[in-house]
Amino acid sequence: MNNYNEINMLQSLVDIKELKKIYSSGGGLFNPKSRSVHAVDNIDLEIYKGETLGLVGESGCGKSTLARLIIRLEKPDAGHIYYKGNNINSFSAAELKSYRSNVQMIFQDPYSSLNPRKSAVSIIREPLTIRKIGDKNKRDEMVMQLMGKVGLSKEQANRYPHEFSGGQRQRIGIARALVLNPELIIADEPVSALDVSIQAQILNLLKELKNDFGLTYLFISHDLNVIRNMSDRVAVMYLGKIVELAANVDIYSTPMHPYTKMLLSAVPSGDPKNKNRILSIKGEARYAGEKGCNFQNRCSFKIEICAQEAPPLKRYDQRRFCACHRGDSI
Amino acid sequence: MSRLLEIKDLRTVFDTAKGRISAVDGVTLSLNSGDTLGIVGESGCGKTVLALSIMNLIPANGKIVNGEILFSGQDLLKISSDEMRKKRGSEIAMIFQEPMTSLNPVLRAGEQIAEAIRLHQKLPPKEALALSIEQLREVGIDDPEKLVREYPHQLSGGMRQRVMIAMAMSCHPQLLLADEPTTALDVTIQAQILDLISTLKEKNNMAVILITHDLGIIAQAAKNVAVMYAGKIVENSTVENIFDHPFHPYTRGLIESMPARCAASSDRNNYLKTIPGNVPSLYNLPAGCRFFDRCSVAQKECNQEEPVLKEIEEGHFISCWKYPGITN
């Protein structure tokens, strides 16, 4: 998956078109001023079969909302999501059921996403039971095989979540996601609750499983170093919008959008000899106002038009998109 | 450069239903005025308990059973609780990981900062409030007159941490303990907070103990680094030594498993190096070296006796049997 010049030959698995999700808050007794938040604001994005698409952004930028829309835990306010050409929001109940076994999710916090009253084996087996796949022996066999794959031993099968460490719990969550043999895995911050030494174990496991099962990943993280290590392409999100989308190498070697540049400057390099920042970092992610670019209040490259018009996500070459009025001039 | 803090053989234990554990077990380290010492380790290794021991704020089921904490030459473990209370906040201050839970939700930001000032500097409320506005301006808040009237829930995470820092800095402490100060924050806010701490440190010639699990932050902000594992310091040196010539297998493993250190992954099979296994439970430690089960170079002898921290070259301490010249 290195040669994105042949991008037209890639098969699109998920195709997101002009997707919008708006939440409103306030309007009640104590906070009468009602306010709407564009959690996902007109997003176009494709996920290709067999790739790892990294989605990076700070808290509250809409990463998780996008994931929930793709897995249809939420319905969009506008726009469409196509899975292999079919619109997921017009699925019948039966179609939705099969869609949900093809698209699985791994969650951030392995402490709160596992049922504390169920043993590891029954957590992993549950999707099979619900879908009545195989008989009991067959199911157990499948679960045991998968547990071996994710690095859990047979002796651990009947233990409960509280008896596992964070890394092991995440392995249970991964096995549960894989048991229905999905095509697409949405991993929402899968390692951010883990210790450094465990984080590397889980990242390696995810890579291994991807090769073994031919999976496609949407890998969501706030950590640019983790995204760099995992992804083929990277989408950078800011306040509900994709601001830059490019191949992994390009994002890190020649970032185009001022926000991508700021993020890269903010990440500690991990090298005490390299402490200098390319760009100064100011402000917080906050809506700048009704009009213009969302990033204008923090941007060092702002010009007049930025306060007037929101820049669209524009294609710069075959494999590179950026939403900035000054995309190619800075 | 004068020696500000010297900790000798500190041992802090907790009595729990399952027995006694040593969360900090024989820690020795020192810190000069104006320096930043980074303490790095994974969750449960005793970083926070070490900081709380310095503040003498150990929870009720814990106690310090051994060692000395010399602060400007005075042993903090020997002074009365009244004297300690006077030092806390004025000479030694601490900021915490989660600014939302460490601020009082029913007090306005200004009152909380003014409280510390009134307590330690005995100023009337009005002057204390004026000082806290000044302090907020120091930590980079544009409109402090407005902010002093706001409650913590009205502030963003970054703003709350700035308020915490303003509070900690209000009495110009000589030592700031920062326990995971940016873990709950976004990267761009994290960068701003780390810059702020370093600016304030320079300006006030303050020493900082920066506790974190993130080696990237250590590389960026610390001058010296102590690596902790299961209650013990396993390696302690300058930040350059730790990153360029780490010796302890745990330090090496931590650095190699950093995604930032692994070259860009245009190659899909670019696996990260890992440390196998998990941090041992403090209830059930290996007999010899605590890293024994996870160590790639361990030999049988390592499981016999615990290694002690030895200086292998000037300013570089390690505790490992495998270093040439150290034998058991």
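Along the principal axes of its C-alpha atoms, what lengths does chain B span, in descending order and rounded to whole Å?
Sorted largest first, the three principal extents are 67, 55, 43 Å.
Can you give the alpha-carbon Rg of region B:90-135 over 2.2 N^0.38 Å, where N counts its residues?
Here the answer is 1.18, to two decimals.
Tell me which GluC sites (Glu not before Pro) from region A:269-324 have a DSSP coil assignment and no more than 13 other beta carbons within 10 Å of their own.
When the GluC sites (Glu not before Pro) of region A:269-324 are filtered for loop state and at most 13 Cβ neighbours within 10 Å, A:GLU290, A:GLU309 remain.
Compute the acute angle (0 to 90°) between the alpha-carbon long axis of helix A:93-102 and the principal axis of greatest extent of the alpha-carbon atoms of chain A; round to the nearest 10°.
On a 0 to 90 degree scale, this one is about 90.
How big is the C-alpha Rg of region B:98-172 next to the rule-of-thumb value 2.2 N^0.38 Å, as a ratio?
0.96
Please go through the residue pairs B:LYS8/B:LYS78; B:LYS300/B:LYS322; A:LYS282/A:LYS302 and name each one whose alpha carbons sit more than 18 Å apart in this structure.
Among B:LYS8/B:LYS78; B:LYS300/B:LYS322; A:LYS282/A:LYS302, the Cα-Cα distance tops 18 Å for no pair.
Restricting things to alpha carbons, tell me how big region A:1-127 is in terms of Rg and Dmax, in Å.
17.7, 56
Determine, at each q value in 0.11, 0.20 (inverse angstroms), the log₁₀ of I(q)/I(0) that the Debye formula gives when each Cα of region B:1-114 is one equal point scatterer.
After summing over all Cα pairs, the log10 values are -0.42, -1.24.
Would you list the membrane-span-like helices of chain B, meaning whole DSSP H runs whose alpha-carbon atoms span at least 24 Å along their axis and whose mean Kyte-Doolittle value is at least -0.5?
B:187-204
Stokes-Einstein D for region B:174-321 at 4 °C, 1.567 mPa s, Kirkwood Rh over Cα pairs, in µm²/s?
This corresponds to a translational diffusion coefficient of 76 µm²/s.
Per residue, what volume in Å³ does the Cα convex hull of the protein assembly as shown take up?
181 Å³
Between region B:271-328 and region B:118-194, how far is it from one alpha carbon centroid to the other, in angstrom?
41 Å
Just in region A:1-109: which trypsin sites (Lys or Arg not before Pro) are loop by DSSP and have at most 12 other Cβ atoms within 10 Å?
Qualifying residues, ordered by number: A:LYS33.
Can you give the longest stretch of chain B with no exposed loop site, where a site means trypsin sites (Lys or Arg not before Pro) in a DSSP loop (not H, G, I, E or B) with at most 12 other C-beta atoms within 10 Å?
B:150-328
Any number yet on Rg/Rh for region A:243-330, C-alpha, Kirkwood?
Rounded to two decimals, Rg over Rh is 0.98.
Find how many whole Å separate the alpha carbon centroid of region A:19-67 from the alpha carbon centroid of region B:19-37.
After rounding, the separation between the Cα centres reads 44 Å.
Return the percentage of antiparallel bridges among DSSP beta bridges fully within region B:143-263, rounded to the nearest 5 %.
Here the antiparallel bridges make up roughly 55 percent for region B:143-263.
Dividing the convex hull volume of the alpha carbon atoms of region A:98-141 by its residue count, what do you get in Å³ per residue?
88 Å³
Label A:ALA93 and B:GLN154 with points 7 Å out from Cα along Cα→Cβ: what is the distance between them in nm?
The two pseudo-label positions are separated by 5.0 nm.
Against the 2.2 N^0.38 Å scaling, with N counting residues, where does chain A land? I'd like the Cα-based Rg ratio to two decimal places.
For chain A, the normalised Cα radius of gyration is 1.05.
For A:GLU141 and A:PHE30, calculate 0.36 nm times their separation in residues minus their Cα-Cα distance, and state this gained length in nm to one decimal.
34.4 nm
When only Cα pairs under 8 Å and 6 or more residues apart are kept, what is the percent relative contact order across chain B?
In percent, rounded to a whole number, it is 19.
Bear in mind that the values in this text are calculations on the coordinates, not laboratory data. Nothing here was measured: the structure is a model prediction, and the numbers come from that model. Heads up, the Cβs are rebuilt from the backbone with ideal geometry, glycines too, and the neighbour counts pull from every protein chain shown.
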